[in-house]
1. Does residue B:13 qualify as being surrounded by fewer than 15 Cβ atoms within 10 Å (Cβ to Cβ), part of a helix (DSSP H, G or I) and away from chain C (no Cβ under 14 Å)?
2. From C:185, C:189, grab the single residue that is crowded, with 20+ Cβ neighbours inside 10 Å and not hydrophobic (A, V, I, L, M, F, W, C).
3. Exactly one of (1) touching a strand residue (DSSP E or B) at 6+ places or on another chain (Cβ under 8 Å); (2) surrounded by 19 or more Cβ atoms within 10 Å (Cβ to Cβ) is unmet by residue C:128. Its number?
4. Looking at (1) closer than 23 Å to residue A:230 by Cα; (2) in contact (Cβ under 8 Å) with a residue 40 or more places away in the chain, find the lone condition where residue A:173 falls short.
5. Can you run down the residue pairs with Cβ atoms below 9 Å, 6 or more apart or on separate chains, where the first is in segment B:34-47 and more than 7 Å from chain D (Cβ to nearest Cβ) and the partner is loosely packed, with under 15 Cβ neighbours inside 10 Å and assigned to a helix (DSSP H, G or I)?
6. Across segment A:454-474, what is the number of residues that are within 10 Å of chain D (Cβ to nearest Cβ) and outside any loop (DSSP other than H, G, I, E, B)?
7. Looking only at segment C:131-180, how many residues end up being within 21 Å of residue C:215 (Cα to Cα) and of a type in the set (Val, Ile, Thr)?
Amino acid sequence: MIRYLAKLFNALAKRQRSPVKQSSVTKLDSGLTHNLKHIMDELGNGSDVVNRQFLIGRSAPVLAGVIFIDGLVDQEMINDNILQPLLRIELERPVDLDVLEKSFLAVGGLKRVETMETLLEGVLTGDTALLIDGQPSALLLSTKKWEQRGISEPDTEVIVKGARDGFTETLRTNTALLRRRIEHPALRFDTMKIGKKTRTEICVAYIQGVAEDKLVEEVKKRLRRIDTAGILSTESIDQFIDDAPFSPFATVGYTERPDVCAAKLMEGRVAIIVDGTPVVHTVPFLFWESFQSPDDYNFRLFYANTMRWIRYLAFFTSVLLPGVYVALSSYHQELIPTNLLISMAAATEGTPFSAVVEALGMGVVFEILREAGIRLPRPVGQAVSIVGALVIGEATVIAGLVGAPVVIVVALTAIASFLVPSQVESAAFLRVVFTCLAGVFGALGIINGLIFVYIHLASLRSFGVPFLAPVAPIVPADLKDVAVRVPIWMMWTRPKSIDSPDRIRQAMRIRPEVPEEGHDDDRS
Amino acid sequence: MIVIFIILIGYLANIAPRLIADKQWKELLVVGAVTVCGIVLAGLMMVGVEIPNVTGLMSQAFLKFYRMIGIKV
Amino acid sequence: MVLAVLVCLLAGGCWDRQELDELALAFAAGLDYDMEQKQVKLITQVIRPGQMKSAESGGGSTGQGGQKASFILESQGKTVFEAVRKASFQISRRVNWTHNMVIIFGKGAVKAGVDKFLDFFVRNPEPRPHQYILVADGDLKDILNFKPNLEKASAQTINGMMNNTGVTSEAYPVTLQEFVNDLMSNTKSATAPLIKVVGEGEEQKLQLVGTAVFRKGKQIGRIEPKETRGLLWVIGKVKSGIISLPSSDGSEISIEIVQASSKIHPVLDGDGMHVHIHVKAICNLGEQLGGENAKPKKMIEFQQWAEKEIQKEIVHTIQCSRRMKADIFGIGEAFNRKYHKRWRTMEPKWEELYPKVKFSVNVKAKIRLIGETLIPLPAH
Amino acid sequence: MKLERGKINGLELTTLIAGFLFGSAVLLFPGQWAEHEGWIAILGGVAEGFVFMLLYAALMSRFPGKNFVEIAKEVYGPFFGSLVALAFIGYLFHLGSLVVTDYHDFIKLTMLVQTPSSMIVLVNCLVIIYGVKKGIEVIARCSQGMVTLLCVFYLMIFGMLSMQIKWTNFQPFFSLPVTKVLWAAHMAGSFPFGETVAFLMVFPTLNKPEELLNRSLKALFLAGIYFFIGSIRTIGVLGDTARLFLYSGFQSGRLINIANVFTRLEIIIGVNFLMMGFLKIAVLLYGCALGIAQLFNLKSYSPLVLPLGLLMGMLGMINFSMVSENFEFSSLVYPVFAFPFQVIIPLTTLVVALIRKLPKKGDDDN
């Protein structure tokens, strides 16, 4: 039935796409007043639209007018660099735009426009339009300036060592952040506007020659296919270009950190930056990336690897622990060490519910608390979490509603699930499924479930790259960053699974070595 | 058993229209045949008809044959 | 469709589910046989988890409410399985055998032959192959009812004792797996430790009092702890233990066995069957009351005494086994391995042949360490 | 028209065949028939399997890029070819159902005693069907990870049990009647080694056909070593009692006990069995579906997978009236029963092809 729904949607989409977008071009009129009126009508006489008219020149004054939108422009700049010079003009002969452009306007970005649409677009993005009576064209003076959030450390991806800056809501800032990190001319930003109403600017970033051209084309194709009223966040883009929309696993990666994004670009991936969201998406996204953190590369080798394996462990814990607990406690008692079994039996003595119900129930309670903690304002949120932890956890056990083991299990699961931020959603979903399976079939259910998920993962593809690579299919060269994180100087090739045109990342044999007579130098 | 039954019925109901829509009569025939076999078998087992244990009988036959040609087993 | 499947699964699901608070864990099984009624008598020791865990446990096994941490169920049946189910029938929960630790046979059982009781424990998936097999010397019920001092249930005590026999090596702990293996052999006679409750009132304690010897599942005799060690010497299962003997000048010395190994060489030639048993033992000097310093020469003397002592133990055991015509060492299998062809003829009348086997025992003892003192404390 | 577009590389083929061979043999290990000389039987079985593999490879190299159904049609002509192919497919189907039976019996005996058979079969079959619908490529991809995991588990268990192995259990050597050992060897040859005949449906998807023999022999020897170690472990640990148990491998797993800490680990063996059983049934089901689809020149095999899979499962439920019957069948009847399908049909096909000088020059490509 899902397939049918999909078909339906496709049909609708076709119907929508069929009428071609009429791009009516209205030339500018030579009469200033008429133009201004037209513009004001287009903008519906918005309260934030400023429309100033004035005379230029002494002997034969010409009526001129500037239009800009308050809040998007730099007032001082307009006053000092546009109005002042224009009002001080001492010319005898009649002025026209060329003259002004050449010798009076002290503005960097400056554009000559003939049509009403381009003018409006310019004005709406924060330019100032200068029109002169008797001329069928106008000047767009770039005076963009608006309030924006400064660059701050992202909350979601906090790291211990390494850069502290994060992306902001402004596209330009973000591209600048990337440029600052990758100064090679091959870094490309191809922008396009998506969304009929919002006209959101979207930028596909990649490094020419490192990213595969086919991949870039594919990304652009998928982006072009999007035909919707408005894009308000990267997430909505993501859902349009995702390979497996009905899978619990996301096949598009995201990051708030320029350094991470730059690293992925360097590996031959493509980044999608959307104006208005501080989150940048990178494709193709492989399963194992979700276990990699910038810190892995900043910390010492052994610690970093330990942490990575702990992350793997944590993911499995957060997915399987409740299920395993249920399976063991209510199906396979013979697999529990005797003393542990006695403790568990003693703890669950006389609890009203079965292990499955307990696990599921406590899981739901936890999710509720988490949601509350996030949504509520900080101080209240803490209060909620305390209440939840103490009251729910403690009281239920004391009241004998649930056994202590379940509470421990759920708490452990919850904590573990936070170690792998980008898989929280999938883990939360799978956890429930596995608990149910365990409740019905015990270990059999869990094993079959695992096989099922494994097949599913192996069958997924992210922009043509197998989602589970380099583990299934095995790509030995790429295991250097999955099984263990080898020293950086050993990673001399780019990931093979994302086959980038130039495979070599760095020179081989650049292992740090002590110079022969280094010691003597030290002594002397 | 009933679950299998339901699944098979549902599957047939799901796939038949598509095959008809795509005018794949041969597919429809084969798939339909196999599925109907399944449905019938599932139905019989569901209502508790004693199905002969095919392989079991076969092995009995083989053992008889062995004895006929005089192999001690 | 998917929904329908899920509903069916969840609705019909949970067939085998057994919550922890729905099962009664059996820790020990006592098996006995009633000859005239032809009834298997099963005594099951079931534990109460709550009491097992309770911190304040007055006098070992009684928890809060004065309840014992374990209690026993008595049931009868034509077969073990029947009795097992009747045991569950007596209480509110189903008896779960997955954590059973010990199986103890009573007098009747060993007389009737234990083989007919074990099939259940091997066939059924619940019981584990690591349960210890014992034979009760005395009343079965006393043993299972025994109030241990350290543990909560007597089964745990027995289990611990079994794991701990290495300290003297005077008992031979047998797991279900090994026992069944021995029973399946035609010639080797299985053995199982004997256990009994000794003492009265508060001084009651469990004690391993030797080893029961079986033939074809029936008990045909017993050997004493010392002789048990002899058996262990031969099959190389001695872990540790103390040999104490009078030194030349009358003062006692005791030698600690550290590790031991053995080899059995069967030889079959014209004038009958010989078996050469080589035993190697590595010892430490554990204690020396008076006497001279631990000079190498002295040590060699000690070694020779130790060897004699060990040899004595072994020979004694061999005589016992001859008397019982019970091949407890698995000599027959040794012959089978070496002289497979001729063994076929010997196997049927092995019971008669066994006593005729000529044993030659040679022991090599070695004293490595002498403890932390060089000279013994002067004894006055 | 090609039904299967997926391609598998050499390593994937190796692991897939290995997993297929492990299949249900992880539990009912071949060579149990020859009690304490099972290891000899295994070696014999490997030798037999080696010959089989050569035969299949020869057939494949003669008809590159074609699977057995296509070959049969070409060799015997449309009508008889279809009959032969049908018999072959029938064998695969029946074999699959047998594996399902083992699967289900094992679970029923050890894990879920009261759960209705249909449920057990259903959960297994659904997973398998899902896998097969995803195509051989995905299955092969999964097989890599699974087989690796299996080997790790396996060595772990062997290491834990190596302390308990009694080498005297293997003596006296060569004491059993030769016929018995030979029979056991042939049993091992027909189950599991001969069953690689199913790969006549899979081989064409190999991306480098020239690697075929090399890769599949690697898999064969991997499996051989595995079973050899397995028999050593089982016999060495269980000794005489190995005869006693239906799943002696599983039983030996129950004996793991290291300082009372690492104990009760037999579930690992169960997990291995479930994984490998999945691979085996998946390959067989794939073979069936693909074969039938080609037999009737269908456009795709995927609509056949679900009904076939469930049918297989149900047949698996009604194969035998009791487990002992299954044991009798697999020990006495199967080696004879399977011989025609495993040897005679491929052999005659090859011979006929040689006689008729097939394939004609020119249509070698495709």
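The values are calculated or read from the model by the stated rules, or taken from the named source; none is laboratory data. On a predicted model such as this, the values are computed, not experimentally measured, just so you know. Quick reminder, even Gly has a Cβ in these numbers, built from the backbone with ideal geometry, and neighbours come from all protein chains shown.
1. Values: surrounded by fewer than 15 Cβ atoms within 10 Å (Cβ to Cβ): yes; part of a helix (DSSP H, G or I): yes; away from chain C (no Cβ under 14 Å): no.
No.
2. C:189
3. Failed condition: (1).
4. It fails just one condition, (2).
5. B:46/B:2
6. Kept after step one, since they are within 10 Å of chain D (Cβ to nearest Cβ), are these residues of segment A:454-474: A:454-460, A:466, A:468-469, A:471-474.
Filter once more, so that each one left must be outside any loop (DSSP other than H, G, I, E, B): A:454-459, A:466.
Summing the residues that are within 10 Å of chain D (Cβ to nearest Cβ) and outside any loop (DSSP other than H, G, I, E, B) in segment A:454-474 gives 7.
7. The number of residues fulfilling the criteria is 5.
One line per residue, one yes/no per condition, for (1) modelled with pLDDT under 90; (2) not in a helix (DSSP H, G or I):
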residue	(1), (2)
D:292	no, no
D:324	yes, no
D:342	no, no
D:357	yes, yes
